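One structure is given below, encoded as structure tokens.
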Amino acid sequence: MRYELLIALRQLRARKFQTLLSVGAIALAVMILTVSHSLLLGVTGEIYNITVDKLPHVSVSPEEGEDYIYLYGTLVGRIGSIEGVTAVSPFLTGQASFRFKDNSLNCELRGVVPSQENEISSIEEDMVEGSFQEIEFSRNTVVIGSKLAEKLEVNPGDSVDVSFPNANLLSLRVVGIFHTGSPLDEVLAYTSLGTAREFYDASNAVNGVSVRLRDFNRDTEVANEIKKLGYNAKGWTETDPAILRFIAIESTSNAVIYGLIVVIASFGVVSTLNLSVISAKGQIGMLRAMGAQVSGIQRIFILQSGILGLLGALFGTFAGVLIALAIGQYEIPADPSDVYGSISFIPIVVRFQDIVFIIFAVFLLNLITGVYPARQAAKLDPVKAISSK
């Protein structure tokens with residue numbers, strides 16, 4: 001073991017109180033950073049699950065000047081052959097007015113093929129009553145969102161009157177209620193593609209195609225390939241940019257705040273090492289007089305800074321992971337206004353690679369901040385240092 005490390009460890013043991021304070025300050029900052037980062041990852045994941053994961057990654061609409069996509073079966077086959085596409089679902093959608101007793105609301109009525117639509121939005125997993133697949137086997141049936149059902153005061157088995165200008169009046173029996181936890185619960189209802197065609201009087205045509213990708217980050221690339229087929233196509237990043245903006249703003253602001261916390265804690269180490277330089281002037285002078293090189297003196301204080309940072313990072317991440325996992329067990333009380341509930345526990349995501357990165361980053365930052373007191377120690381004149389003892 002080199003003498004620089006031995007001396008660095010001896011000085012840290014000799015100043016136990018200052019060492020504990022420095023390690024504690026860094027550990028506290030790293031603990032806050034670890035917990036906050038885990039919470040941010042969890043919340044971001046929930047946002048994607050509630051929004052992006054429930055939306056089509058690419059939406060295809062008719063050619064310019066057209067209201068419908070005819071011979072859509074060919075288009076569905078060509079889109080399905082594009083690399084990375086995992087599901088394709090044609091739909092016929094439009095506005096409709098739902099009336100039940102004295103309650104009336106406008107919403108979007110979407111006609112789909114349930115088996116294909118379920119591969120896009122996994123709506124079957126969100127069913128809280130009834131079955132999504134029943135709209136395919138039962139004539140004139142509908143599945144509606146939980147908020148819409150609540151406002152209309154309908155239950156499975158009830159029949160609602162559906163109308164709209166230039167559409168055919170229908171009576172649809174409610175066979176299911178879904179809850180996604182998103183605004184769609186208040187504005188969306190599903191029926192079969194055949195029922196929607198009858199309502200909107202549009203035979204053998206759809207006005208949109210939903211596409212799901214293996215990697216949702218490729219939405220723009222796949223949309224551009226579909227455009228070459230002559231149809232309009234937009235990825236979710238274009239149709240729902242607010243999601244990206246929210247996540248970007250949230251991530252950036254948190255990174256700045258917690259980065260500053262770690263920097264402040266690291267500069268606390270600088271203050272401790274500066275005091276160490278002042279109190280150890282005589283020892284530094286003796287080392288220089290015994291032939292220690294300037295670089296050796298610098299290494300002693302840089303090593304002290306690195307050791308303090310490493311210990312603080314290790315203790316901080318360990319405590320942060322324990323606290324984060326404990327927070328993740330906390331059950332969120334149900335919102336009285338939300339009869340179905342959404343997120344039942346605080347979302348927490350702890351990733352091993354993030355923990356390693358935090359430890360390495362804090363250790364490196366403390367090595368860098370230790371350069372200044374190390375240089376100050378190395379500049380001391382050995383004669384003056386010994387005489388000031």
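Values quoted throughout were computed directly from the atomic coordinates according to the rules given, and no laboratory measurement underlies them. The structure displayed is predicted, hence computed values, not measured ones. So basically every Cβ, Gly included, is an ideal-geometry build from the backbone, and we count neighbours across all protein chains shown.
Before moving on, here are some points about what is shown:
- For region 56-239, the alpha-carbon coordinates run over 48, 32, 28 Å along the three principal axes, in decreasing order.
- Averaging 1/r across all pairs of distinct Cα atoms in region 47-140 and inverting the result yields a Kirkwood radius of 15.6 Å.
- Packing-based ranking of 305-318, 346-359 yields 305-318, 346-359, ordered from highest to lowest mean Cβ neighbour count within 10 Å.
- Cβ-to-Cβ counts within 10 Å put V60, V256, V143, V187 in ascending order as V256, V187, V60, V143, the fewest first.
- Extension reserve of the E66-L9 stretch, reckoned as 0.36 nm per residue once the Cα distance is removed: 12.8 nm
- By the rule of a C-alpha distance below 18 Å, with chain neighbours fewer than 8 residues away ignored, the aspartates and glutamates paired with K227 are E63, E64, E66, D67, E83, D219, E238.
- Once backbone amide H atoms are built at 1.01 Å from N, T93 has G111, N207 as its partners under 5 Å, excluding neighbours fewer than 5 places away on the same chain.
- Ascending count of other beta-carbon atoms within 10 Å, so fewest first, for H37, H179: H179, H37
- Each of T44, T34 has some number of other Cβ atoms within 10 Å of its Cβ, and from fewest to most they run T44, T34.
- Placing a label point 7 Å from the Cα of A248 along the Cα-to-Cβ direction, the residues of region 199-224 whose backbone N falls under 17 Å from that point are 217-221.
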